[in-house]
1. What is the dipole size for the range 12-102, taken about its Cα centre, with +1 at each Lys and Arg Cβ and -1 at each Asp and Glu Cβ, in debye to the nearest 20?
2. Go through the range 76-86 residue by residue and turn each phi into a ³J(HN,Hα) via Karplus (6.51, -1.76, 1.60, θ = phi - 60°); whole Hz please, and just put x for glycine and proline.
3. What value does the range 12-102 have for Rg/Rh, both radii from Cα atoms and Rh as Kirkwood defines it?
Amino acid sequence: MQTINLSTHTDPAFTQQVNEESHQDVALCYQCGNCTAGCPYTFVYDIPVHQIMRLVQAGQKDTVLRSRSLWLCATCQSCTTRCPNNIDVAQIMDVLRHMARREGYVTERNVKLFYDAFLESVHKHGRVYELGAMSSYIAHSKRVMTDAELGPTVMAKGKLSFTPHNIEGKEHVAAIFDRYMEKQEQGREAYRPFQAERMSPVAAWLRRLRREE
């Protein structure tokens, strides 16, 4: 169990920033633990979800943004669904990932690279081109032999296409990305796949895509 000294390194501005960016009120969390109890990835987290919420309340910016848990979260929404105070905990986790990238706290580089490859593929093709996305991820992560034995199996089942999917309206998807990139360049940060650390996590992107549709 990790021991954290709450009397030092407290940053109240961090708590306020999380509230503003997530449009949630972390003060509503009373530590019932339902989010952690329902989280399927608690067993690999260094800090459980309910403790992350408490650390945000306490303004422990450095501890929170360095946590591996932010990058191992699958955004399954179990925490949000189980919260008795209707806090969108998954949204807060998204915001924390965004902040971690923006401020250079990325602890799980390969997770970031996978997000980058996925988003780059959707931007280019209108939907994910699985083989291309994985090739890009492997090239940047150098994990050449990772899950290599699965390739022939999924291809035999028709799960992977050798060429990108030719879908209708992919230019509209690209336009959504372009509008968002333009806003980020004007206001806060620029999206540059594999060239900059500053980019929203995939879940935040998908939420924005749904809102634009």
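1. 260 debye
2. 7, 6, 4, 5, 5, 5, 8, 5, x, 9, 6
3. With Rh from the inverse mean 1/r over Cα pairs, Rg/Rh is 0.91.
No value in this document is a laboratory result; all are computed from the given coordinates. The structure displayed is predicted, hence computed values, not measured ones. Virtual Cβ from ideal backbone geometry, glycine too; neighbours counted across all protein chains shown.
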